[in-house]
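Colleague: Right, I'll just put the structure down here and ask away after.
The values are calculated or read from the model by the stated rules, or taken from the named source; none is laboratory data. Source: prediction; values computed, not measured. Methodologically, a virtual Cβ is constructed for each residue, glycine included, from the backbone with ideal geometry; neighbour enumeration extends over all protein chains shown. The protein model used for the area step is the full one, side chains on, heavy atoms only, and it has no ligands, DNA or RNA in it. Shrake-Rupley method; radii C 1.70, N 1.55, O 1.52, S 1.80 Å.
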Amino acid sequence: MQPIPFLSQSDEAEQAAWVEALSLAMPDERIVPFAALGRDDGQAARVAIVANPDPAEVAQLPGLVWIQSLWAGVERIVHDLQGFDGTIVRLVDPELARTMAEAVLAWTLYLHRDMPAYAAAQREARWRPLDYVRPQERSIGLLGLGELGRAAAGVLLQAGFPVRGWSRTAKTVPGVETLHGEDGLADMLSKTDILVCLLPLTPQTRRLLGRRTLSHLPRGASLINFGRGPVVVVDDLIALLDDAHIAHAVLDVFEREPLPQESRLWSHPAVTVLPHISAETNRTTAAAIAAANIRAFRQSGAVPKGIDRTLGY
Ligand code: NAP
């Protein structure tokens with residue numbers, strides 16, 4: 001059987017860790033980093049596994065029918081691989097969804113239980129109890145009802161929060177009031193206390209959350225962005241935080257990562273900066289997903305469902 005090329009621009013140690021995890025998950029296959037791939041094997045490869053691949057390397061594998069990416073987000077690969085006309089399969093991993101749902105619940109509770117306000121009060125040695133609000137009275141708005149959004153909705157509902165969810169197309173999610181389209185967005189935002197963004201970055205979602213949209217939030221609402229940085233217009237967000245229209249923002253993703261030292265977000269008192277950690281790919285479970293997809297392809301020629309490049313996700 002032809003080896004499976006592994007293409008990544010990450011450092012050598014990370015590449016070696018991936019090759020090891022992938023080899024363990026599919027002991028019948030030979031996973032070979034692009035640099036070690038023979039020319040004939042490269043010509044014959046029909047499937048490759050990638051994690052931020054170099055497009056020039058992908059172009060040297062002319063027989064590829066599909067590629068398995070190890071990341072859930074695809075905006076970079078969609079941009080970089082415009083010359084590749086095979087199927088791009090992204091990572092859909094229940095463990096990733098569980099991790100993200102856990103993060104959404106953790107940071108929702110952080111805002112719900114007023115932790116930023118108590119931390120600020122402690123810094124000033126001020127004893128200042130705030131009124132308790134029951135989760136039933138705190139409305140969560142979820143932007144994105146995909147793999148991650150639906151998992152997040154489940155844990156939020158279980159914790160007692162009413163959840164409204166917004167997506168591009170109409171959706172039914174048990175227990176969630178669902179909305180879609182531009183009117184649906186304004187409607188949802190106007191009734192949201194904590195807004196959680198789990199949208200992919202596409203031409204339609206880039207700069208979606210600016211002054212115009214975020215102003216629909218009631219005064220005192222908060223934002224959690226775990227989707228992609230450029231969905232939020234940072235200058236508009238800072239203006240809304242400065243005049244306390246938005247009380248707090250928890251941001252895990254940014255236009256430039258690592259977040260540059262000079263960014264005003266680092267020191268803004270109403271911002272919590274996280275270093276893109278809300279849901280990292282787990283190597284073991286991701287390798288198992290890739291292995292199952294490749295096994296099915298070897299057995300029946302079935303290519304897993306790919307992303308829609310025209311939509312960008
Ligand atoms: P997904 O399954 O593709 O779901 C995307 C959701 O967004 C869908 O509900 C989709 O609507 C909705 N959507 C897309 N474009 C829209 C638009 N223009 N207007 C309204 N809704 C729109 O993706 P996922 O697996 O849940 O992942 C979501 C994103 O999370 C990823 O793309 C990635 O950027 C990010 N992520 C972040 C981390 C982190 O550590 N911070 C980790 C993993 C992933 P439809 O249902 O109608 O298609």
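Colleague: Taking the stated definitions as given, is GLU255 farther than 16 Å from SER139 by Cβ, part of a helix (DSSP H, G or I) and among the acidic types (Asp, Glu)?
Modeller: Considered against the rule, which asks whether it is farther than 16 Å from SER139 by Cβ, part of a helix (DSSP H, G or I) and among the acidic types (Asp, Glu), GLU255 comes out as no.
Colleague: Taking into account only those residues within the stretch 268-301 that are assigned to a helix (DSSP H, G or I) and free of Cβ contacts under 8 Å to residues at least 60 places away in the same chain, which is nearest to the ligand (Cβ to nearest atom)?
Modeller: Our first condition is that a residue be assigned to a helix (DSSP H, G or I); within the stretch 268-301, this holds for 283-300.
Then drop every residue that is not free of Cβ contacts under 8 Å to residues at least 60 places away in the same chain, which leaves 292, 296, 299-300.
Values: ALA292: 17, ALA296: 20, GLN299: 26, SER300: 25 Å.
Out of the qualifying residues, it is ALA292.
Colleague: A further question on this structure: Are any residues in the stretch 119-136 outside any loop (DSSP other than H, G, I, E, B) and open to solvent by 90 Å² or more (accessible area, probe 1.4 Å), and if so, which ones? Spell out the reasoning first.
Modeller: Pass one, the stretch 119-136, residues outside any loop (DSSP other than H, G, I, E, B): 119-123, 135-136.
If the condition is that a residue be outside any loop (DSSP other than H, G, I, E, B) and open to solvent by 90 Å² or more (accessible area, probe 1.4 Å), then GLN122, ARG123, GLN136 are the ones that fit.
Colleague: If you don't mind, another one. So how many residues does the stretch 60-100 have that are assigned to a loop (DSSP other than H, G, I, E, B) and either of a type outside the set (Asp, Glu) or free of Cβ contacts under 8 Å to residues at least 60 places away in the same chain (or both)?
Modeller: Narrowing the stretch 60-100 to residues assigned to a loop (DSSP other than H, G, I, E, B): 60-65, 70-74, 81-86, 90-93.
Subset that is either of a type outside the set (Asp, Glu) or free of Cβ contacts under 8 Å to residues at least 60 places away in the same chain (or both): 60-65, 70-74, 81-86, 90-92.
Matching residues across the stretch 60-100 total 20.
Colleague: Does GLN158 fit the bill of being exposed (fewer than 15 other Cβ atoms within 10 Å of the Cβ), more than 11 Å from the ligand (Cβ to nearest atom) and not aromatic (Phe, Trp, Tyr)? So that I can check it myself, show each step before the final result.
Modeller: Working: exposed (fewer than 15 other Cβ atoms within 10 Å of the Cβ): yes; more than 11 Å from the ligand (Cβ to nearest atom): yes; not aromatic (Phe, Trp, Tyr): yes.
Criteria met by GLN158.
Colleague: Another question, if that's okay. Considering every residue within the stretch 187-199, establish whether at least one is closer than 28 Å to ASP93 by Cα, within 13 Å of the ligand (Cβ to nearest atom) and surrounded by fewer than 19 Cβ atoms within 10 Å (Cβ to Cβ).
Modeller: no
Colleague: Does ARG256 qualify as being in the same structural domain as LEU148 (by TED's automatic domain parsing) and more than 16 Å from the ligand (Cβ to nearest atom)? Even if it seems obvious, please write down each step before you answer.
Modeller: Working: in the same structural domain as LEU148 (by TED's automatic domain parsing): yes; more than 16 Å from the ligand (Cβ to nearest atom): no.
Taking the combined requirement at face value, the residue does not satisfy it.
Colleague: Another question about this same structure. Hand me the list of strands (runs of 3 or more DSSP E) wholly inside the stretch 156-225 holding 1 or more residues that are of a type in the set (A, V, I, L, M, F, W, C) and more than 21 Å from the chain's Cα centre (by Cα). Full working, then the answer.
Modeller: Working: elements: 163-167, 177-180, 194-197, 221-225.
Hits in the stretch 156-225: 221-225.
Colleague: On to the next question. Against the condition open to solvent by less than 20 Å² (accessible area, probe 1.4 Å) and near the ligand (Cβ under 8 Å from one of its atoms), how does GLY229 come out, does it pass?
Modeller: Details: open to solvent by less than 20 Å² (accessible area, probe 1.4 Å): yes; near the ligand (Cβ under 8 Å from one of its atoms): no.
It is false that GLY229 is open to solvent by less than 20 Å² (accessible area, probe 1.4 Å) and near the ligand (Cβ under 8 Å from one of its atoms).
Colleague: Report yes if ALA56 is under 18 Å from GLY83 (Cβ atoms), free of Cβ contacts under 8 Å to residues at least 12 places away in the same chain, in the same structural domain as THR285 (by TED's automatic domain parsing) and open to solvent by 30 Å² or more (accessible area, probe 1.4 Å), otherwise no.
Modeller: Numbers: under 18 Å from GLY83 (Cβ atoms): yes; free of Cβ contacts under 8 Å to residues at least 12 places away in the same chain: yes; in the same structural domain as THR285 (by TED's automatic domain parsing): yes; open to solvent by 30 Å² or more (accessible area, probe 1.4 Å): yes.
The answer is yes for ALA56.
Colleague: Can you tell me how many residues in the stretch 90-129 are within 15 Å of the ligand (Cβ to nearest atom) and of a type in the set (Gly, Ala, Ser)?
Modeller: The number of residues fulfilling the criteria is 4.
Colleague: Continuing with the same structure: Scan the stretch 297-311 and tell me whether some residue there is surrounded by 20 or more Cβ atoms within 10 Å (Cβ to Cβ) and more than 15 Å from the chain's Cα centre (by Cα).
Modeller: Taking the stretch 297-311 first, the residues surrounded by 20 or more Cβ atoms within 10 Å (Cβ to Cβ) are none.
Within the stretch 297-311, not a single residue is surrounded by 20 or more Cβ atoms within 10 Å (Cβ to Cβ) and more than 15 Å from the chain's Cα centre (by Cα).
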